[in-house]
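The values are calculated or read from the model by the stated rules, or taken from the named source; none is laboratory data. What you see is a predicted model, and the numbers here were worked out from it, not measured in a lab. Cβ sites come from the backbone with ideal geometry, for glycine too, and all protein chains shown count toward neighbours.
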Amino acid sequence: MVPTVSNPEGLKALARKLGVRPDWHEPDEQEVTARVFGASFDNAGFYGEGSRPNGRISSPDAEELFVRLYKDGSPVADVNLATLFAMAARL
C-alpha cells in the first residue's frame, strides 16, 4: 500500500527521505517523478490506496485528485491535491 502525506511535517519528512531540496527544486535529479490521478478537486473524501474504505471507491468519479510520487519508478507516497494547495498557501 502507498502511504499518504496529509500535513506539512509529513511532506518535509518525505522530502528528506527522497533526498530532494526543501524547495523541491529539480526533483528529477534525484529520480523523483509524479503523476496525478482522480476526478474531484476536493479534500474531504477518498483518494489513493491508503484512504479508500476497504481499498475501494464507489466510483472513479468519486476519487479526489491526488499526486502519486515515485522514486526510481516505484510509488512512495500519495498527496491529496487540494491538501497540497492548502499546505503551499501556508508558506
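The table below lists the values:
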{"quantity": "Residues of region 27-39 satisfying the condition of being among the β-branched types (Val, Ile, Thr) and surrounded by 12 or more Cβ atoms within 10 Å (Cβ to Cβ)", "calculated": "Val32, Thr33"}
{"quantity": "Selected residue (only one of Gly50, Gly73, Gly19 is at pLDDT below 90 and of a type outside the set (Val, Ile, Thr))", "calculated": "Gly50"}
{"quantity": "Of residues in region 60-75 being more than 9 Å from the chain's Cα centre (by Cα) and assigned to a strand (DSSP E or B), the one farthest from Val2 (Cα to Cα)", "calculated": "Glu64"}
{"quantity": "Every residue from region 22-37 that is closer than 16 Å to Lys71 by Cβ, under 12 Å from the mean Cα position of the chain (by Cα) and modelled with pLDDT under 95", "calculated": "none"}
{"quantity": "Considering residues of region 1-26 that are touching a Lys or Arg at 6+ places or on another chain (Cβ under 8 Å) and farther than 15 Å from Arg90 by Cβ only, the residue surrounded by the fewest Cβ atoms within 10 Å (Cβ to Cβ)", "calculated": "Val2"}
